[in-house]
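Readers should treat all values here as calculations from the given coordinates under stated rules, not as data from a laboratory. The structure displayed is predicted, hence computed values, not measured ones. When we count neighbours, we look across all protein chains shown, and the Cβ atoms used for this are built from the backbone with ideal geometry, even at glycine.
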Amino acid sequence: MTKEDVKIPKATLKRLPLYYRFVNTLYNSNVDRVSSKELSEGLQIDSATIRRDFSYFGELGKKGYGYNVNFLLNFFKTTLQQDMITKVAIIGIGNLGTALVKYNFSINDRMKITAAFDASPEIIGKKVGNLEVFDMKNFEKIANETGVQVVILTVPGNVAQDVANLVTNAGINGILNFTPERLTVPHGVHVHHIDLGVELQSLIFFMKNH
């Protein structure tokens, strides 16, 4: 059974970067092999879930042996295309957008914020971190020139859908949405919603009940 033969659940796909990051840490610590139990303890994910996730991609380990760390690392690196740099643009350079630009995914050198956009004349043309803030009117042209593949939206909710329309019209297929709005996008465009209020509420729930 391979990923070409079966539809992989979205929940599994969202866990793959967690697996990659943890396995990369093991590799850098000169660990040769790891069991699903050790993965479970390190990631706080049930070992049965880990084995099920891995099973979608074929035989990644051996019973009684576990998983070869170097093999897993190369597998996840290829699967997540970690040998390629993903270019990201941020739209909306307010407090959150500014913080993200300055952070610039320093935890992962395979993702890079290469462009920043805003609609405010007070911000356009200014430097934030190492990036000049471009006028949103020029989004499609600049996004194509710089090879943007993913967009992070940190705009006011009342303009989120209009901005998403501009983004998808420019051929961008990935949006990380920090606004409270649920976006309508064409088929084939992937949107991940980050609702900080919901995440905090979920955290408090687990704190109280576990």
At a 10 Å Cβ-Cβ cut-off, how would you order Leu73, Leu196, fewest neighbours first? Leu196, Leu73
To make sure I understand, if each residue's beta carbon is the centre and we count other beta carbons within 10 Å, what order do Glu199, Glu140 fall in, fewest to most? Glu199, Glu140
What is the set of long-range amide H partners of Ile152 at a cut-off below 5 Å, with H atoms built 1.01 Å from backbone N? Ala89, Ile90, Ile91, Leu176
Sorted from fewest to most neighbouring beta carbons within 10 Å, what does the list His192, His187 look like? His187, His192
Rounded, prolate or oblate, given the Cα gyration tensor of the stretch 10-79, with a/c below 1.5 counting as rounded? rounded
Using mean Cβ contacts within 10 Å as the protection proxy, how do 33-45, 149-161, 15-27 order, highest first? 149-161, 15-27, 33-45
Spin-label point model (7 Å from Cα, Cβ direction): what's the Ile204 to Ile8 distance in nm? 3.6 nm
Can you quote the Å³ per residue value for the convex hull of the Cα atoms in the chain, rounded to an integer? 150 Å³
Stretch gain in nm, segment Asn70-Ser35, where the contour uses 0.36 nm per residue and the Cα spacing is subtracted: 11.3 nm
In deg cm²/dmol, rounded to the nearest 500, the helical mean residue ellipticity at 222 nm of the chain, built from -39500 (n - 2.57) for every DSSP H run of length 4 or more, is -12500 deg cm²/dmol
Any idea how far apart Ser55 and Lys141 come out in nm if each label point goes 7 Å out from Cα toward Cβ? 5.4 nm
On full extension of the chain, what length is gained from Asn169 through Ala48, given 0.36 nm per residue of separation minus the C-alpha to C-alpha distance? 39.4 nm
Could you tell me the relative contact order of the chain? Use alpha-carbon pairs under 8 Å, at least six residues apart, and round to a whole percent. 14 percent
